[in-house]
Amino acid sequence: MEGSTDGLLAWKAEGDAAFRAGELEQAVEHYSAALQADPCHVPTLCNRSLAALKLGQLEEALGDAQAALAALLVNDGEASAQGRIAKAVHRKAEALAAMGRLIDCLQAYRQGLVVCPGCPELHAALRLAVEELPVPWLAKYWARYVEAAQAPNPLSTRDGRLLRPVPAERRLGPTQLQGHLEEALFALQDEARDLLCDAWAQARRPGRAEAALMRAAAYLHAGDARQAVKDLRVALVYGPQQEDGPTSQAQQAKQTSTGSSSALVKRPGGAGKEEPEAAPPEPPPPPSLEAAGRLSGWPAALGLFSAALEALADNVPAVLAAQRAHQLDPDKEEYAEAVERLLRRIPEPCAAALQAGGAAGLEAHLAVEREAALPEFKRQRPKYYYYYEWMKKRIYAQYPELLEPVMDKLLALEANELDMVLQYPQATRIMVERLTHVLQQEGPEGLEAYEVPLLSWADYQAIKEQPLALPAGSGVDAAATGRLLESGADRDTPVGPAEERPAAVCGSTVQHSPPAGPAGPAVAAPTPREEAEQAGSDEGELDGGASEAGSFDVDELFELD
């Protein structure tokens, strides 16, 4: 049977039966016999690797797994080989983990995910392997990564490669950063492992959001809550976002730059030292604290953001962030406890809004408060708001009891037409009566569909020739009314009878020149002082006896009883 395919399969079948029966040594012998017919038979190599691993023969198990991988990588392009590659990678990683070489085990899984991207079995196995990493190792890894991310950017002296450097007087040294991060990771170790696993599964290194979160955790534990808030705002903007939310510029920037797995690469000639590439500085943070996490889908970052704000006694944004985290991850009791604790520290209207509408209700309440606190010229107004307010004021000045549908229909007129109508009370009255009649006959729907006939130029001329309907006894005649309309004078200016109205009182500026006479010597132009004196004397002459009869000396005021 040796040397034939049938013999190989027969020996392999006997080995499989012995393995299931728990006869591991017998299974290894049968697999070895099968491999004499084909030393590169991948299924047999993987099975013998597993049997040797269970027997504690770690070197033999690792050798068979590596031989299987070498045989499979020759046919790397075949889709059918992807599943067998994943199994061979798993056999190799298991052997390395059993030998105590955890880092080599993780590296094997990472290499396997490069060859088989998105393989769920390898991803799950990698997460289990990452679970074995001790917290001090995680703290050391993330501390070094943060140091690399905030290293000076060669393109800008004030910016880091991924994160803006902390001011020198408040910056933590490498040892301090690692120590504070190690203490903070006891509560965040699951998140730290998940971030590391997700980055490795995508064949990249962590990005800006992950570095910002870890630095924020370290500085919050060190007591610098303000720096933690700054870093967490970056993490929330560049971190995972809710899928049903609109995409903003910050999110687009995050998709193109965070995550950039090549943010930290090994440069040639650097003795294998990991150095981050220069990255453009992050855009400015959002304008308000509550806006930072509005679209964020990262519960861990929102929870840490809430803790940092609570440390600053900024309780309203803190409870908002905690509520968002609780809505994203309802099973975590820590977020629910934070919400319940902070509810007792915020104003009652904010607490009522949060309890009634959740995070969205509180955010709407805060938006109303911010709008009310703004000065008038900064408030958000609809388009043409002030034009409509001005026109309403002019219309209500003539018709204080005007019905709202009629007002809306008037405001729907073209701006020039409405302004022309409002200049003449008679035209306004005609328009208002016409629209009121339509409203009474056809209702609001009919008025809305009604096409308003515009007044023609002849109509305006006829209106200008009609006298104003002023109260009786006002002393204004029709001729004066017509002249006022033609000249555009103010309607509120009192006008007397025509025969008693001198030119100066009517505001006439026409000066009648004296009749021409024989030419004489040139007369010098009057000086400004002479003009003023002449004007005063003319005014006294114009007042005549009426001003004399109704006037008195100012000094008499002091002689009154």
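Listed values for the range 330-335 are Karplus-derived 3J(HN,Hα) couplings in whole Hz (6.51 cos²θ - 1.76 cosθ + 1.60, θ = phi - 60°), namely x, 7, 8, 5, 4, 6, and x replaces Gly and Pro.
Of GLU191, GLU183, the residue with the largest accessible area leads and the full order is GLU183, GLU191 (1.4 Å probe). Judged by the ratio a/c of the largest to the smallest principal axis of the C-alpha gyration tensor, the range 141-200 counts as oblate, that ratio being 1.5 or greater while a/b is no larger than b/c. The orientation-averaged projected area of the convex hull spanned by the Cα atoms of the range 36-113 comes to 4.9 nm².
Remark: the range 325-439 carries 62 Å² of accessible area per residue (probe radius 1.4 Å; ligands, DNA and RNA excluded).
Within the full protein context, the accessible area of TYR460 is estimated at about 10 Å² for a probe radius of 1.4 Å.
Checking the cross-link pairs LYS383/LYS464; LYS87/LYS332; LYS12/LYS87 against a 26 Å limit on the alpha carbon distance flags LYS383/LYS464; LYS87/LYS332 as lying beyond it. For the residues VAL234, VAL319, a 1.4 Å probe over the protein chains yields an accessible-area ranking, largest first, of VAL234, VAL319.
Tally Lys and Arg at +1 and Asp and Glu at -1 over the other residues with C-beta under 11 Å from the C-beta of ARG341: what net charge comes out? Combined, the nearby Lys, Arg, Asp and Glu give -2.
With both labels modelled 7 Å from their Cα along Cα-to-Cβ, the ARG394 to GLU371 distance reads 2.8 nm.
Between the range 121-176 and the range 13-65, the C-alpha centres lie 43 angstrom from each other.
Listed values for the range 396-411 are Karplus-derived 3J(HN,Hα) couplings in whole Hz (6.51 cos²θ - 1.76 cosθ + 1.60, θ = phi - 60°), namely 5, 5, 9, 9, x, 9, 5, 5, 5, x, 5, 4, 4, 5, 5, 5, and x replaces Gly and Pro.
The values are calculated or read from the model by the stated rules, or taken from the named source; none is laboratory data. Just so it is clear, the model here is predicted, and its values are computed rather than measured. So basically every Cβ, Gly included, is an ideal-geometry build from the backbone, and we count neighbours across all protein chains shown. Only protein heavy atoms, including side chains, enter the accessible area calculation; ligands, DNA and RNA are left aside. Shrake-Rupley method; radii C 1.70, N 1.55, O 1.52, S 1.80 Å.
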